[in-house]
Each structure stands twice: as C-alpha cells, then as structure tokens.
1. For the range 176-234, what is the charge dipole size about the Cα centre, in debye to the nearest 20, if Lys and Arg each add +1 at the Cβ and Asp and Glu each add -1 at the Cβ?
2. How big is the range 276-316 on each of its three principal axes, counting only the C-alpha atoms and giving the largest first in Å?
3. What are the GluC sites (Glu not before Pro) within the range 55-142 that DSSP puts in a loop, where the Cβ has at most 16 other Cβ atoms within 10 Å?
4. How about the range 221-284: which GluC sites (Glu not before Pro) there are in a DSSP loop, with at most 11 other Cβ atoms within 10 Å of their Cβ?
5. Translational diffusion coefficient, Stokes-Einstein: compute it for the range 1-135 using the Kirkwood radius over C-alpha pairs as Rh, at 20 °C and 1.002 mPa s, and state it as an integer in µm² s⁻¹.
6. Taking a quarter of the surface of the Cα convex hull of the range 76-138, what do you get in nm²?
7. If you line up the Cα atoms of the range 64-216 on their principal axes, what length do they span on each, largest first, in Å?
8. Given K43/K138; K99/K139; K43/K171; K198/K262; K138/K198, which pairs have Cα atoms separated by over 28 Å?
Amino acid sequence: MSQPIRIGIIGAGGIARSAHIPSYQSYGQDVQVVAVANHNRDKAVECAEEFSIPYAYEDEQQMLDEQELDAVSICTPNKFHSSQAIAALQAGCHVLCEKPPAMMVEEAEKMQLEAEKAGKFLTYGFHFRFQPEVETLKKYIDGHELGEIYAAQTHYNRRRGIPGWGVFTNKELQGGGTLIDNGVHMLDTALYLMGYPKPKTVLGATYQKIGQRPGVGLMGEWDCENFSVEDMARGMITFENGSSLIFESTFAANVEELSSKKVSVIGDEGGADLFPLKIFQEKYDTLVDTTPAYVEKRDANEYLIHDFIECILHDKQPLSTPSEGVRIQRIIQALYESAKTGEAVNINGMK
C-alpha cells in the first residue's frame, strides 16, 4: 500500500492502551492510528492525547463515517463486540476484535457472514497462538511428531485473581466470568493445536463460591456486592473425530499456586505440555522428554497485531478465523447451558 494503513480504535480502556495502540504505533511508517472512540468522550480525549492520536470520538459510528479507515481494533466489553464489528465491516474496514468473539453464537455467525459479504478480514485477539512455545509445538504437530492428537487438557487458574477493575465481573456486559475471560485463551490454544475439531457433546459446571464475598485481591479489590459471574468453570468436550478435551479455569479457588496455566495434548506418537513446553515421546526403545534450551521472549499481543497488519499488507488470512470464532463461541455457550441445566449438551452437526 502506498499510503499508511489507517487504524481506528473502539474502546479506550486497558487493553487498548497496553496492547493495541502501542503495538500499532511500534509497527512503523506503514501504520497510523488516526482515531479513537469511547462512549465516555473524556476518556477518548485522554487516550488520544496520551498517544498523540489526531481524532477522538464519543460515537464509533461517527468515527467510521468521518474517517477513511482501513482497519479497526475493537477493545470494548463483550456485549458490544458484534454490533461494533459489523458496523466496522460495513464501513469497509478489516477488524481485529478482542476475545471472545461475542456473547452469543448467533452474533458470531452474523460477524462471520458480514466479513464474507464485505470481503474484509475479521480476526480475534487470541494472542497465545503467537507465544513461541505454541508456535514450536504447532510445528511438531504439523510435522506429525505427535501423531494423531486424541486428547487434551487445559487449565488457567488463579488463587485470588478476580479483576478489581473494568467490567470483568459484570455478567450483563461480559456474558460470564473466568470461562469467557481467562479460560477462553487456553481453550482456544488447545483447539488450535488439535486442528479446531467439530464439537459433539459438551458437559460443563460453573461455581460462584468466592467472588460474592470480600477477600485478598491479588488483582485489586473486587466489587463483591455486584459480582454476577462464575469464579470457577469446568467442563469436558467430545469431538466428532473422537478426540476429547477437559477444561478448567478460575478467577478464585483454594489452590496452591497464585496463578497457573497449562495446555496438555496427547497423541499416539507423542504428547506435550505448555507452559513451559515439554514434549514426551518414545524413540529408539527409550522414553524421551524434550525441552527447549532457549525460548524467545516476546510480547504475544504485539506479534498478533503486527501479524494483522501483515495480513492486510499482503492479503493473507489471519491466524484466527471467523469460522473458528463461531466454533469456540458455540462451545462457550454450550458450557454455560450445560452448567445451567445440569445436563450434557449435544451440538453434533454444527457448522
């Protein structure tokens, strides 16, 4: 492109300021962040001044109408992802939307359809895919070092890690708690390594045992009186290809480690754990464990956003696709539905 890619930011909160805007601005001369919109205009103006962004708006539609934007980052609560992504796509913009895709499956499906109609990229902020350990393990899997992946297990647990800021504990705006916030990262990572198989049956359970009372806050003091989401989520997913996945995430639980995350995949030729990366195989009549001697340190959010720009510049599909967004949204929704009813949800035959 002869002119810089013009970026608009919707949402001027923490993820926009800590990840999206700095990452766009660090890319170089091919990118210009020209506008930011936030429902609180003062916050938009403050953000624009902090990052030397020319225009600030209270209304994102006005920003889309007045600025000739090439791409938009959506950094707002989950409730607004779908409507804002669709508006940006209809305005002719590529869209990078923070995770999860939306609140409901129907919203994610509309986002996919609109991206196809517009002929624009729609991708999601699943930045763990860009961690060096994940990239390395994906190469092992693609190289058939682990054989057929038939089982996986994930957890992302915090002992007392309820966010004390933002709207993370507001069900109306977020749709849920630990599952849809931190847990979804490990769920996406496992599904990505497994090849994003089609889900068949989902069994889930959620708990609200700690968040509704005061306690030690390792991520700030949370509002226990208005805590309306789950602080633990657990589940099992079976897939049409016969594989299965066991899932757990917590905002707060009585466990040993203050914070821990792990993805394990098991194949018929080998297995592996993340984080850190360890690979388990049988070779030459010996059980062998492989660990990297060196793993690059990087900002995965920056890599995700730089890759988004590269995709626009070179017309290549981003790593996270709209169809995968629909699939993970369907799993999330099924986990919540199963937890509510106490029954397994059969979603065989999904797209």
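1. 420 debye
2. Here the Cα extents, ordered largest to smallest, are 49, 22, 11 Å.
3. Sites meeting the loop and neighbour criteria: E58, E68.
4. Here the sparse-neighbourhood loop sites are E256, E257.
5. After rounding, the answer is 144 µm²/s.
6. 4.7 nm²
7. 49, 46, 30
8. Correct reply: K43/K138.
The values are calculated or read from the model by the stated rules, or taken from the named source; none is laboratory data. None of these values were measured; they are calculated from a predicted model. All Cβ positions, even for glycine, are placed from backbone atoms using ideal geometry, and neighbour counts span all protein chains on display. Keep in mind that these areas ignore ligands, DNA and RNA; they rest on the heavy atoms of the full protein, side chains included. Shrake-Rupley method; radii C 1.70, N 1.55, O 1.52, S 1.80 Å.
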